Structure formats: structure tokens, C-alpha cells
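Below is one structure, written out as C-alpha cells, with a few remarks after it.
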Amino acid sequence: MTRTSAGPGRIAGDGSVAAHAPAKVNVHLAVGPLRADGFHELTTVYLAVSLLDTVTVRPGEGLSLTVAGEGAADGAVPTDARNLVWRAALLLAAHAGVPADAAMHVDKTIPAAAGLAGGSADAAAALVALDALWGTRATRGDLSELAAELGSDVPFSLHGGVALGTGRGELLSPVLARRRTDWVLGIAGEGLSTPTVYRELDRLREEGRVPAESAAGTPDAVLTALRSGPADALAAELANDLQAPAVGLRPELRRGLRAVTDAGALAGLVSGSGPTVAGLVADEDAAAQVAATLSGDGVFRAVRAVHGPVPGARLVG
Ligand code: ATP
């Protein structure tokens, strides 16, 4: 059984423990029918990328939470029980039978409501950090189960790398695809609500404006390209059923998608429910060039060059 506990070496002199977790891009996202529980059946290929949030926890009385960093602009991130970090703390404490006592801080680099699973990353990092702080000796399997209760993307934020997600995205099969891919993320000024984007997809399907079945189809070709193909083979296979509704709600996303390919990306796609645009580029040099061009033309609020796959939530240090 794999234990995740840090051991005393990972607890800093001031009693704090820090963990970080990555953002994700869905290189394939096929949305199936709406289920009776209100979720859609998904088939997705997640890729963890090198944009990380850090959660630091230290001994405290009861729970407290502060949030800072460029991803936390405009007060979009709650600092109370609505925050996934807070919910992760309550869930882990109940699971382990320990008091929920911790002072928690999130340093957000991943923008909120951007389709990059920033909240899920924070929840996964919180599980790992608090497990170490409290010495709960939870197994990785225990943490995965708690993660699935917190949200569809949280198990992947814990897992990292590349994985095939089914169910509502929480049922993971690892994918052996260690080949590096480079991306440029174009981050918009204002976030998009994930449930709103799913509702828009349902509406477009009902009105026959997009195919009733998934247009993205099966992930086989994308998995093959991720394992062995050159970046342009992967570029040809990127697919996201949420792109049409995200563009429907935010028509300026069309300009963003065009801007990334005009700047030299091999392909652009909306990340998850958007509004971040992910441009796949040939290599690290191309990422730097495309990012510099996009930073100059003002289409996005921020531009980041990232790569994947990177590991999931883990202790820092
Ligand atoms: P996904 O790609 O998983 O659908 P997202 O990346 O678009 O999600 P998140 O950044 O995870 O979106 O956050 C969506 C909403 O969740 C935010 O608008 C915010 O109100 C709430 N939220 C709760 N906890 C957090 C957190 N730790 N960081 C960011 N948002 C959070």
C-alpha cells in the first residue's frame, strides 16, 4: 500500500507543509449524454501542464484560509467553506477522524474559472499537504476517493501526467505518454462558469446546431499521437465538444483561437470549458516565440508558455 505521508522531514521549522498541483488541458473532451444525476458522461484525455498552484498549511485552531497570487484576481476565489481547499480539509479530517485544525494559504498561479481546473488543483494539493500535516497516513487510493467526492477533475489533479477520464471525468486510467508537449496558454480577462457552458452545449444540441452525439468521437487517435507522434500529428487530433458552446457564449474566443495559430501554434483549442485558449507548439523555442508574439498583440489578458506532462499533487521540498 502506498502511503503519502510526508514524514517529519517535509514539515518545515515553522511547522508548515506545502504541496503544489498542476493545471490541466483536455487534449480530447467528448461529452456524451446528460445522466440522471445531472452530470454528462465524458470521455476525456487529461494532460497536466507546468502551471502550478501551491497550498501551504500550518497548525491552527479551526480552519482559516487566505488566497493570493495572480490567479486570484478580482476576488473571484472564495476564502470560506465554498473554497474547494476548505471542503478538502473537512473531508480529510472526517475521513481520518482528526480535528479540522489548520491555517491554510493558497498561492494561485492558475487563473480561476479558466477551464484549467485551478480549484481542483488546489483541492488535490490541500489533501496532500494536510495528510502530511495531520499525519493521517491516508493511502493514495484513500485520497483519490476523497478527491472524487470533491469534484470531477480532482482525482486527475492528484494523479497528474496523462490520463483517460471516463464517468464524469473522475474514473481514471493512466496513459503512458511521457513525450513532452509544449503549449502556449492565452488567458482571458473574465472567467466562464463550467455549468453554464454545459447548459449551452445542451441547448445547441437540442436546437440541432451541433451534432446530438459527441463531435469529438473516440480518443484513440489522440492517444496514439500523444504516445508516439510528432506534435503536428497531435495537433490534427485535438478535439473538445465544449469549444462550440464556449465560443457561442464568448464570440471573441474565435479571435483568440485565430491569434494563436497566426502567432505560429500548430493548432489551438479551448481548454476544458474555457475561456483559456491552449495553443500546441512544436517545441520550447516555438513556445517562447509564440508567447512573445501573443503578449505583444493584446488579445489575451495573460500568456503563459507551459509544457506537459508533469506530475500531480505532491509535497514541495
Ligand atoms: P474546471 O476546468 O475544473 O471546470 P475551472 O478551471 O474552469 O474548472 P476553477 O478555477 O476550478 O474553474 O473554479 C471555478 C469556481 O469555483 C470559481 O469561480 C470559484 O468560485 C470556485 N472555487 C472554489 N474553490 C476554488 C479555488 N481554490 N480556486 C478557484 N476557484 C475556486
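The values are calculated or read from the model by the stated rules, or taken from the named source; none is laboratory data. Since the model is a prediction, treat every value here as computed from it, not as a measurement. Note: ideal-geometry Cβ built from the backbone for every residue, glycine included; neighbour counts use all protein chains shown. Note: accessible area is taken over every heavy atom of the protein model, side chains too, but ligands, DNA and RNA are not part of it. Shrake-Rupley method; radii C 1.70, N 1.55, O 1.52, S 1.80 Å.
Of note:
- Taken together, the residues in the stretch 179-210 that are open to solvent by 80 Å² or more (accessible area, probe 1.4 Å) and more than 24 Å from residue 300 (Cβ to Cβ) amount to 5.
- Note on the stretch 63-89: among residues that are of a type in the set (D, E, K, R) and touching a strand residue (DSSP E or B) at 6+ places or on another chain (Cβ under 9 Å), the one that is nearest to the ligand (Cβ to nearest atom) is 80.
- Some residue of the stretch 220-230 being free of Cβ contacts under 8 Å to residues at least 40 places away in the same chain, farther than 16 Å from residue 257 by Cβ, outside any helix (DSSP H, G or I) and not charged (D, E, K, R): yes
- The residues of the stretch 63-92 that are closer than 21 Å to residue 153 by Cα and assigned to a helix (DSSP H, G or I), listed by number, are 71, 72, 84, 85, 86, 87, 88, 89, 90, 91, 92.
- Checked against (1) under 22 Å from residue 41 (Cβ atoms); (2) open to solvent by 10 Å² or more (accessible area, probe 1.4 Å), residue 296 passes all but a single condition, namely (1).
- Test: residue 92 is more than 10 Å from the ligand (Cβ to nearest atom), in contact with a helix residue (DSSP H, G or I) (Cβ under 9 Å, 6 or more places away or on another chain) and farther than 28 Å from residue 303 by Cα: yes
- Any pair with Cβ under 6 angstrom, 6 or more apart, that starts in the stretch 235-257 at a residue that is in contact (Cβ under 8 Å) with a residue 60 or more places away in the chain and ends at one that is of a type outside the set (A, V, I, L, M, F, W, C) and not in a loop (DSSP other than H, G, I, E, B): 239/28; 256/186
- Of the residues making up the stretch 256-282, those that are more than 16 Å from residue 28 (Cβ to Cβ) and open to solvent by less than 70 Å² (accessible area, probe 1.4 Å) number 14.
- Checking each residue in the stretch 292-317 for being in a loop (DSSP other than H, G, I, E, B) and either in the same structural domain as residue 153 (by TED's automatic domain parsing) or not aromatic (Phe, Trp, Tyr) (or both) picks out 298, 299, 301, 309, 310, 312, 313, 316, 317.
- Scan of the stretch 122-135 for residues that are within 23 Å of residue 153 (Cα to Cα) and not aliphatic (A, V, I, L, M), ordered by number: 122, 131
- Residue that is of a type outside the set (Val, Ile, Thr), open to solvent by 10 Å² or more (accessible area, probe 1.4 Å), within 16 Å of the ligand (Cβ to nearest atom) and in a loop (DSSP other than H, G, I, E, B), where the choices are 38, 60, 15: 38
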